[in-house]
Each structure stands twice: as C-alpha cells, then as structure tokens.
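Heads up, the thing below is written out as structure tokens.
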Amino acid sequence: MKILFYNYSLNMGGIERTISMLSDEFSCEHEVTVCRFCDDLPQYSFSERVRLLSFGLSSAQNRLVRTARLIGKIFELFRKTRPDVVFCMNKTHLPLFCRIGHLFGATVIGAERSNPRLHQNPRDLRLREKSVFADGFVFQTERAKAAYPLETQKKGIVIPNAICNPDALEAFHGEKSRTFVSVGRLEKVKGFDLLICAFAQIADRLPDWDLVIYGEGKERSALEELISSLGLNERVSLPGADMHAFLKARECEVFVLSSRSEGMPNALLEALSCGLACVSFDCENGPRELIEHEKNGLLVEAENRDALSEAMLRLAQDGRLRTALSELGRSVSTTHSPSAIAERWLDYAKQRMNF
C-alpha cells in the first residue's frame, strides 16, 4: 500500500511526533511518503525507508498566489506518489486534498489533534463543516468527535495517542526523589501557575518535597515572579526544555498535570507509562480517557487548586497508594505502544478504503 502523510510542518509538536511514529511503523511493510507545506527541518527522526518531501511554500505569500501554488503542488504530489491513502493532518488544507485526492482515487482521512471546543471562530467552524468531504476522520477523544458534524462522526474513529517517547517506555526501579514533577510548555493553558500555588499551600507540611517543571515558554518570567513571591525559590525549579525530560522525571515520585485544557496529554500518558503516580485536573479532553480515578491515578476538579493540593498531599503521604497507582498506570505501555496504535490507524484506513 502507498501511504501519504501531509502536515503544515515537521517542527516540534504532538502532530509531528505522531507522523514520525506512524510513518516509521507503516514503512516496515508499506511505501510511505511524508510531505509538508513549508521547508522546515524535521525535528523528529524518520526512518530511511520514509520519503520526505516539501512544498517549500510560505504563509507570508499573497493568499491567492499561495493557494494557486498550493493547488499545483498538490496535483504534482499526487502524480508523483499515487497514494492509496492520505492522512491529511492539516485541517486548513484538508478540503483541497479531498477534492484533488479523489480525482486520483485516493482515500483521504483527516485528523483532529487538539480540543476543537476551544476553536469556535467562523473559520474553525467552516473547516469543521468541510470535514464531511473526507473519507474518514481520526479523533483523540469522544468529546472532540462530538464537536464535529454528525456525518463526520459517523465515519470517524477515536484512536488515542501512542507513547512515542522511548524514554517513557521503561519504569525507573531505583530510589525515587521526593519530588512533584510536570512537563510541558510554559504557557497559560498548561496551568503551571495553578500547580505552583497548589504546591505552596502544602509546602510547609512537606518540607522534604520539591517541585520541578520541565519546559519553556512565554510564561517563564511570570512563573519565576510567582515562585519568588511565594518564597519558593529553593523548592520550585524551572530547568527549561529537555528532550529527555522523562529520563529525569521518572526518578521522581509524583507527576502532576495542571492543564486548563488539553487535546490528548502526551506528558500524562508518558508519566503513566514510566511508572509515576499521577494526579491530574479533569480538564476537558484527555485526562479522563487515560485515568480511572483511584485505580491508576487521581482526577480532581478542573482548575480547583485546593483540590489539587489536597490530592498532592495525599499522594506524598501515602506510599502504598503511590505504588498501587504506579503499577496499574504502567499498563498503558502495552495498550498505547507505537505498534498497537499504528495497527489501529492502519486497520481503520483499510476499512475506509473498502467502504
């Protein structure tokens, strides 16, 4: 089978990492091409079996000129690759890929990789309406699926993220540090201000526990000021972005997801996989699909920092609970392995091709 992936870029991000994982898995038995709109440098590794292409276009061009050039590039791409199935990961260009792909007899499948309920402007709503032209659609959660037209829902499927980070596939078996840890962009949506305040509420009761947050972003200065104002400079650290953050995170006792919103939280999935006891806000999309409360983790009311601090304190004081949650959480390393998730994508593609 000839498989084509398309996205705007191959920069850092969840979509790009998913493309890297799926293309590598598929290329073992199929002919795989990955194409992007702009000519950026891929930030994730790709198998030598995968053919990488670029349209070399720029969003800075005049819109009409850009669209005309894009149409020509898509026609050229289909003539060159003759794909049987296309996974178009870019919703903006999906309608064009559907129209042109169908002329070449290709099955075109779209994907929603974020929380669509956060995107309600007229442009986003129009794009969701146009999703009906796709032959199929892959969603990360049922709630994301429910935000789309009924016609798209009927032919769509929910497939969770895979654990693409090899650092998270093995648990740490040494002595863990008494540390709360989180990983993510230093952006407001990740709620690290809430996490820091929640830790501040229990810091005096846990004098031998610290908090570390791996990531970088525009909220760094604000978070540093918050840490300083709370007198936590010696207890809370922001070491920055780290491609191997989970090699260090898995040596900690408790992982905390404090996001105000998520699509499907890869960081939480990876934390469960490497055996961290996890507590998470029950924000819309993601955490509830991964955590069964009191079984493999703890869920607390979204954006309720008092509830979050209480759950953090409970985990810090109950080693048996941490161990129990850790052991059950590890099961995601099997159910969400790259091979298991890739097989679900491929089976779905074959189903839509034969529809």
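The table for this structure:
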{"read-out": "Straight-distance crosslink candidates among aspartates and glutamates, where the alpha carbon sits under 14 Å from K80 and sequence neighbours closer than 8 are dropped", "value": "E31"}
{"read-out": "Cβ-derived FRET efficiency at R0 41 Å, V65 paired with L169, nearest 0.05", "value": "0.35"}
{"read-out": "Size of charge dipole - the range 166-335 - debye, nearest 20, with Cβ of Lys, Arg +1 and Asp, Glu -1, no other charges", "value": "120"}
{"read-out": "Expected 222 nm ellipticity per residue - DSSP helices of 4 or more, -39500 (n - 2.57), all of the chain, to 500", "value": "-11500 deg cm²/dmol"}
{"read-out": "Cα-projected label distance for L125 with E224, points at 7 Å along beta-carbon direction, nm", "value": "4.2"}
{"read-out": "Compactness of the range 166-335, expressed as Rg and Dmax over alpha-carbon positions, Å", "value": "14.3, 43"}
{"read-out": "Residue order, fewest to most surrounding Cβ atoms within 10 angstrom, among K91, K154", "value": "K154, K91"}
{"read-out": "Positive-end residue of H173, V300, M264, charge dipole of the chain with Cβ unit charges", "value": "M264"}
{"read-out": "Euclidean distance of C-alpha centroids, the range 182-198 and the range 48-71, integer Å", "value": "35"}
{"read-out": "Shape metrics for the chain, restricted to C-alpha atoms - Rg then Dmax, Å", "value": "21.5, 66"}
{"read-out": "Long pairs among K91/K145; K155/K350; K130/K155; K2/K145, criterion Cα-Cα beyond 21 Å", "value": "K2/K145"}
{"read-out": "Cα-centred dipole magnitude for the chain, charges only on beta-carbon of K, R (+1) and D, E (-1), debye, nearest 20", "value": "1800"}
{"read-out": "Likely footprinting exposure, D242, D24, D347, fewest C-beta neighbours within 10 Å first", "value": "D347, D242, D24"}
{"read-out": "Per-pair calculated FRET efficiency, R0 = 30 Å: F75 and H293 via Cβ, rounded to 0.05", "value": "0.05"}
{"read-out": "Which of P122, L96, S58, positive extreme of dipole for the chain (C-beta unit charges)", "value": "L96"}
{"read-out": "Segment R205-E327, length gained on full extension (0.36 nm per residue, minus Cα span)", "value": "41.3 nm"}
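A short reminder: the numbers here are calculations on the coordinates, not readings from a lab. Here the structure is a predicted model, which is why all the values come from computation and not from measurement. Note that we place each Cβ from the backbone using ideal geometry, even for glycine, and neighbour counts take in every protein chain shown.
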